[in-house]
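Inspection log for the structure reproduced underneath, given as structure tokens.
The values are calculated or read from the model by the stated rules, or taken from the named source; none is laboratory data. If you're wondering where the values come from, they're calculated on a predicted model, not measured in any experiment. Cβ: placed from backbone, ideal geometry, glycine included. Neighbour counts: every protein chain shown. We work out accessible area using only protein heavy atoms, side chains counted, and drop any ligands, DNA or RNA first. Shrake-Rupley method; radii C 1.70, N 1.55, O 1.52, S 1.80 Å.
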Amino acid sequence: MTVSSPIELVCPAGSLPALKTAIDHGADCVYLGFKDATNARNFTGLNFDPAQMREGIAYAHARKRKVLLALNTYPQTGNWPSWTQAIDRAAEFGLDALILADPGLMAYAAKTHPQLRLHLSVQGSATSYEAINYYHERFGIQRAVLPRVLSMAQVESVVANTPVEIEVFGFGGLCVMVEGRCALSAYATGESPNCNGACSPGKHVRWEDTPRGMETRLNGILIDRFADGERAGYPTLCKGRFEVNDETYYALEEPTSLNTLELLPELARIGIRAIKIEGRQRSPAYVAQVTKVWRAALDKLEAGGAESFSVLPAWMAELNKVSEGQSHTLGAYYRPWK
Amino acid sequence: MKLALGPLLYYWPHQSVLDFYADMAEAPVDSVYLGETVCSRRHELRLEDWLEVGKVLAAAGKEVVISTQGLIESESDLKVLRRIVRQSAGGEPGFRVEANDMGAVRLLTEAGVNDWVAGPTLNIFNPTTLQLMIDSGATRWAVAPEMAGAALAEVRAALPTPIETEVFAYGRLPLAHSARCFTARHFNLQKDTCEFRCLSIMDGITLRTREGEPFLTLNGVQTQSARVHNLLGDLPAVRGNAEVLRISPQGAHTRQIIELFRAALDGTQTPSAALAASREWMVEEPCNGFWHGRAGVEQYVAA
């Protein structure tokens, strides 16, 4: 079997050095955001000011790679102009596509800058072809990023029933909740991924060394407690340990990363057009490591086809080194995970 | 001001559901939302059964709305969704639909239905997006619980023509949806073979911090707050910003809570007295942070 169309490798660029690293190591596209609440990775010290963005675009375009801008939070009445200005700037800067979640913004972009290519963000929570086709018919989106909730058969059905290109998450942090449908962070801290672009934001985080162990808190709420020698994780609230009926465990999800490398031939067979690597909040070293492995895997698949494709143990070893908790999962693609 | 009973978010045995809605037919609510919105494995009542319940409630003078599932995953989920739209588009009985994802919006629009409810999971946070939904036939907007009262007021003020607005006023907050079933996980079961454990749990399972503090509620693939969102004390401010208040069904005392809201709206009880009286029927501490633009978990008392 031959692969009909090469899968694009879409890599995270939380900073200019990360962008250059991703391009140098074989990313087909990078995605990035402005330094504000218009994107869903609004963390201190991350993202791009206009000058950095221009430089990054020039760097990528000189090497015939694409740059995608994530404007994937939901604006409110008062701050609406910040989002539309970001769209105007994207058009001016020559970005290759906008990744949007809000229908109102899509309508604005489609009307004001009809030449701009639109992608539906994972924050749009579109899990069926009916939802994706809505955005296609209304706003002309050309690609949709699927939330990490569907099984392989369900992904295949989506691809078969929409003209929109489908992008899936391949590697990185695993959101256990449907993106765009999670207000856990807002409930605990008042800041939400939907409106503020941040989940479990750093300014609400506290680490405390106590006689009971190292405690991690989010806005005062105890998320986890670690014994001596246990590595204390970042208090992302769905990856903490809690008590349910007197049993203490990772009630929602262990700290682990998504890794779908072994599903690559299958993803190619069903017609996935792009693989997204998560991690704009991670270092350039992470970006280099992950991009290198996925580039090698995609190249091998393209050169030899699905029959001769196999996952090299060295690739998995490399990826596990940069995984959360040094472990990985196939997430919802693998039915028993559910 | 109208009172609405939101969709049943839990999985109760068939007869318990019928008994509950027989009681609700007599309760002072104006609208009742029916249907399974959380998990497609839950079918003690199938769509036909929900429509039958709807007919009884309609005969008792209630406005009936059929809610669509929040997370659509499979072709069979889409089949149910299409049937919900069809019954609204001219079939019998023709109940109004609450659209809880954009797939539902597409199907309603395609079918020419022009009187539907834009559900709380559509992520409508600004007037441009709300106007798009209105232009597609939405005639009521059920606001996302995380939206603050002030932000809601701004959206409404920016619209040329106002839309009937519904605010989540009482119940454990529906906070998140997942592909994973946390109830099955708690019992070391897989979702596909979950043994329908939710059936024996009226109000979900409380998740506590390691300090024993109630924090969240596991309800199958849904995660809710442990605290009970309660806007009884905030009614004077809520009144100016909404026409409908949503009360989420709970395992016990839903009727008493509805009656307290009715009394507070009719002025036979002050909002603060109604809030105090509601404590007797609440299984957990109250919270109202979202309405005040704060962390949802907070019980905020404006100075």
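Structure data summary
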read-out: Other protein chain Cβ atoms within 10 Å, averaged over every residue that makes up A:142-153; value: 2
read-out: The stretch B:65-142: relative contact order as a whole-number percent, Cα under 8 Å and 6+ apart; value: 28
read-out: Nearest-10 value in Å² for the accessible area of A:Met316, using the 1.4 Å probe; value: 30
read-out: Accessible surface ranking that places the most exposed of A:Lys111, B:Lys55 first, with a 1.4 angstrom probe; value: A:Lys111, B:Lys55
read-out: Largest-first principal axis extents of the Cα set of chain A (Å); value: 60, 54, 38
read-out: Those lysines that a straight Cα-Cα span of less than 16 Å connects to A:Lys66, excepting residues fewer than 8 apart in one chain; value: A:Lys20, A:Lys276
read-out: Per residue accessible area in Å² of the stretch A:142-200, where ligands, DNA and RNA are left out and the probe is 1.4 Å; value: 19
read-out: Mean Cα-pair separation over length for the stretch A:224-338, i.e. relative contact order, pairs under 8 Å, 6 or more apart, %; value: 29
read-out: Inter-label distance, nm, simple model (7 Å from Cα along the C-beta direction), B:Ser16/A:Asp228; value: 4.7
read-out: Student exercise, the stretch A:134-283 dipole from Lys, Arg, Asp, Glu Cβ charges, in Debye to nearest 20; value: 540
read-out: For the protein assembly as shown, size of Cβ-based charge dipole, Lys and Arg +1, Asp and Glu -1, in debye; value: 1240
read-out: Apportionment of accessible area to carbon and sulfur, the stretch B:109-155, percent (1.4 Å); value: 52
read-out: Tail fraction, Cα-Cα pairs, the protein assembly as shown, threshold 50 Å, whole percent; value: 8
read-out: Per residue accessible area of the stretch A:25-71, 1.4 Å probe, in Å²; value: 40
read-out: Accessible area expressed per residue, the stretch B:80-159, with surrounding protein chains retained (probe 1.4 Å, Å²); value: 30
read-out: Ordering of A:277-284, B:73-80, B:287-294, A:202-209 by packing [mean C-beta count within 10 Å, highest first]; value: B:287-294, A:277-284, B:73-80, A:202-209
read-out: Computed E for B:Ser76/B:Glu284 - FRET, C-beta separation, R0 35 angstrom, nearest 0.05; value: 0.50
read-out: Karplus 3J(HN,Hα) series, Hz, for the stretch A:204-215 with 6.51 cos²θ - 1.76 cosθ + 1.60 (x for Gly, Pro); value: 9, 8, 9, 9, 9, 7, 10, x, 8, x, 6, 10
read-out: Segment A:Lys321-A:Thr210, length gained on full extension (0.36 nm per residue, minus Cα span); value: 37.0 nm
read-out: Listed residue pairs exceeding 29 Å between alpha carbons, taken from B:Lys79/B:Lys191; B:Lys55/B:Lys79; A:Lys203/A:Lys239; A:Lys203/B:Lys2; value: A:Lys203/B:Lys2
read-out: Inter-chain shielding of A:217-226 (mean C-beta neighbours from other protein chains, 10 Å cut-off); value: 3
read-out: Where B:Thr206, A:Thr44 fall by accessible area, highest first, once all protein chains stay in place (1.4 Å); value: A:Thr44, B:Thr206
read-out: Chain A, relative contact order in percent, only Cα pairs under 8 angstrom and at least six apart counted; value: 21
read-out: Radius ratio Rg over Rh of the stretch B:1-103, counting only Cα atoms, Kirkwood formula for Rh; value: 0.94
read-out: Three-way shape label, chain B, alpha-carbon gyration tensor, a/c 1.5; value: rounded
read-out: Solvent-accessible surface (1.4 angstrom probe) belonging to B:Ile134, in square angstrom, nearest 10; value: 40
read-out: Protection-proxy order for peptides A:188-194, A:226-232, B:207-213, each taking the mean of Cβ atoms within 10 Å per residue, highest first; value: A:188-194, B:207-213, A:226-232
read-out: Exercise: per-residue mean of other protein chain Cβ atoms within 10 Å, B:206-217; value: 6
read-out: Summed buried accessible area for A+B [probe radius 1.4 Å, Å², rounded to 100]; value: 5700
